[in-house]
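What follows is one structure encoded as C-alpha cells, with my remarks underneath.
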Amino acid sequence: MEEIRLEHTAGAYSSAGIHPWWLEEITPEEIAGLKVHVESLARAGRLWGIGETGFDRTYPEFIDLQKELFDWHLNLAESLNLPLVIHNVRSGSDFLEVLKKVKPTIPWIFHDFRGNQELVQALLKLHPACFFSFGLSLDNSPQVRELLPLIPMENIFLETDNQKHLDIHDIFLRAAETLKVDVEFLKAQIWHNFKKLRPDLQ
Ligand SMILES: [Zn+2]
C-alpha cells in the first residue's frame with residue numbers, strides 16, 4: 001500500500017487510491033478505512049490526484065468490486081476537481097462502458113498504457129481529457145513504440161512507475177527518439193501537459 005503510506009512529502013505531488021491489486025488481500029473493513037483515509041487526505045488538500053484506481057481483467061473475480069471502487073474514486077475526484085490516475089490491464093472496454101454513462105470533467109491519466117490506437121481514439125472521443133503515460137514499455141513493447149507517435153503529443157506523459165532501476169531521463173530520451181523530436185522539446189511539451197491538469201495550482 002505504498003501509495004497510501006506515501007502521504008504527503010513537502011514539495012512533492014502525491015496521489016492516493018485503493019489499487020485494484022490490493023482487493024485480493026484486504027477486507028471490506030480495511031477498504032472502508034482506506035476510503036476514509038484517502039478522502040480525508042484529499043479534502044485536506046494534500047493530494048494532487050486520486051488513484052491509482054481502475055480495472056484489471058487478470059483478476060476477473062474482483063471485477064464487481066473494482067467497478068464499485070472505480071466509481072467511488074471517480075466521484076471523489078470529480079467532487080474535488082482532481083485528476084484521476086488509472087490502472088488499466090486488458091480492460092479498455094470497461095472504461096468505455098463507464099464513459100458511455102458518465103461525462104467526466106476531470107483529466108483521466110492512464111498510466112503504463114498498453115492499449116491500441118482504436119482504444120485511444122475511442123477514449124478520446126468520449127473524454128478528450130484522457131492522457132496516456134508510458135515508461136518501461138517503450139523499451140520492451142514494439143506495439144507501444146508504434147502507438148506513441150499516433151497519440152496527440154498534448155495527451156502524453158512519461159513515467160518510471162516508481163521502479164527504482166528506471167531513470168526518467170532515459171525514458172524521455174527513448175520517447176524523443178520514438179517520436180523523432182528533440183528531447184528538450186518533449187520535456188517542454190510534457191511540462192505543459194502536466195500544468196494543464198491542475199490549473200488551480202498555477
Ligand atoms: Zn498500475
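Each value in this text was obtained by applying a stated rule to the coordinates, not by laboratory testing. Remember, it's a predicted structure, so these values are computed and weren't measured experimentally. All Cβ positions, even for glycine, are placed from backbone atoms using ideal geometry, and neighbour counts span all protein chains on display.
To the nearest ten degrees, helix 28-43 and the longest principal axis of the Cα atoms of the chain are 60 degrees apart. Which entries of LYS101/LYS125; LYS101/LYS196; LYS67/LYS101; LYS35/LYS67 have Cα-Cα distances beyond 20 Å here? Those over the limit are LYS101/LYS196. At 222 nm, what helix-only mean residue ellipticity would the chain give, in deg cm²/dmol to the nearest 500, using -39500 (n - 2.57) for each DSSP H run of four or more? The helix-only estimate for the chain comes to -14000 deg cm²/dmol at 222 nm. Using the Cβ of LEU138 as centre and a radius below 12 Å, the other residues enclosed give a net charge of -4, where K and R count +1 and D and E count -1. Here, the chain is characterised by an Rg to Rh ratio of 0.95, where Rg is the alpha-carbon radius of gyration and Rh the Kirkwood radius. For the range 84-156, report the % of Cα-Cα distances exceeding 17 Å. When every Cα pair of the range 84-156 is considered, 36 percent fall beyond 17 Å.
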